[in-house]
Amino acid sequence: MNGILTILMLTFFVVMHEAGHYFAARFSKVAVSEFFVGFGPKIFSFKRNGTEYGLKGIPFGGYVKIPGMDESEQVGEYEDSELFHTSKWTTKLFIASAGIIVNFVTAWIMIFVIFITNGVTQPTLNIETIGDSINQQNISPSQSAGLRPGDKIVQFNGQNVESWDQLVSMIEVNPGQEVSIKYLRGDSTYLTSAILETRNINGSEIGYLGVSPVIEEKDVGILDAAFF
């Protein structure tokens, strides 16, 4: 099923790309002789306003044929003003770039709709789970500090913590160090300490506490979705 959806999405984007070339050519009074979805043997087609539209047997993308893009082809049935290679350079640039522009706009619209309908997910400073030791210790730093799921970390080494990413950065730069942690549990505030473990990632020593965050879903407004 995923493979079929991938093929359909790729075909959709290719067809939209070619549609960009098509409409740009039409707008510029340049002829379009063919606009087909797919490749290979023709399944059906019809002709309207000088353009043959149709569907072919292999559903991988599609294509638009604009007379004059290949200067060696026979184009006797068209006026010079309708040919690609006799157009102004600005017209050629417009037609050539229209496909990319349409793909960009299409992708933006799809992402916009996804954000509006589904929102976004982001980690919070509330603890979801407590991890085990990675250095063959009996307990992890988070366990030795007495942290529990549901606690909210508000300070690390005396510095206020505003986001999960900030907390991760603070943890990572303190491998093997004793750190202080202030956290909320219910309506009470507690201060504890722990010695961070050390893990090696790509040759660098990184601090490890052993906590994972609660992930929350957040609604996204129209303006935020538009400029996300």
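The values are calculated or read from the model by the stated rules, or taken from the named source; none is laboratory data. Note that the structure is a prediction, hence the values are computed from the model and not measured. We place every Cβ from the backbone using ideal geometry, glycine too, and count neighbours over all the protein chains shown. For the accessible areas, the whole protein counts, side chains as well, though only heavy atoms, and no ligand, DNA or RNA atoms are used. Shrake-Rupley method; radii C 1.70, N 1.55, O 1.52, S 1.80 Å.
Listed values, structure above:
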read-out	value
Residue count, region 79-101 (criterion: assigned to a helix (DSSP H, G or I), touching a residue at least 12 places away in the same chain (Cβ under 8 Å) and open to solvent by 40 Å² or more (accessible area, probe 1.4 Å))	6
Neighbours by Cβ (under 6 Å, 6+ apart or cross-chain): first from region 153-176, farther than 17 Å from L191 by Cα; second at pLDDT below 95 and among the polar types (S, T, N, Q)	P175/T198; G176/T198
Single residue of region 1-50 satisfying the filter (β-branched (V, I, T) and surrounded by fewer than 18 Cβ atoms within 10 Å (Cβ to Cβ)) that is nearest to G76 (Cα to Cα)	I43
Some residue of region 108-131 being over 18 Å from the mean Cα position of the chain (by Cα), more than 30 Å from E18 (Cα to Cα) and part of a loop (DSSP other than H, G, I, E, B)	yes
Matching residues, region 153-165, being closer than 18 Å to G207 by Cα, open to solvent by 50 Å² or more (accessible area, probe 1.4 Å) and outside any loop (DSSP other than H, G, I, E, B)	Q159, D165
Qualifying position, being at pLDDT 95 or above, open to solvent by 50 Å² or more (accessible area, probe 1.4 Å), in a strand (DSSP E or B) and touching a Leu at 6+ places or on another chain (Cβ under 9 Å), among Y183, Y190	Y190
Every residue from region 115-133 that is open to solvent by less than 90 Å² (accessible area, probe 1.4 Å), at negative phi and at pLDDT below 90	F115, I116, V120, Q122
Out of G150, G76, sole residue that is assigned to a loop (DSSP other than H, G, I, E, B), open to solvent by 40 Å² or more (accessible area, probe 1.4 Å) and in contact (Cβ under 8 Å) with a residue 12 or more places away in the chain	G150
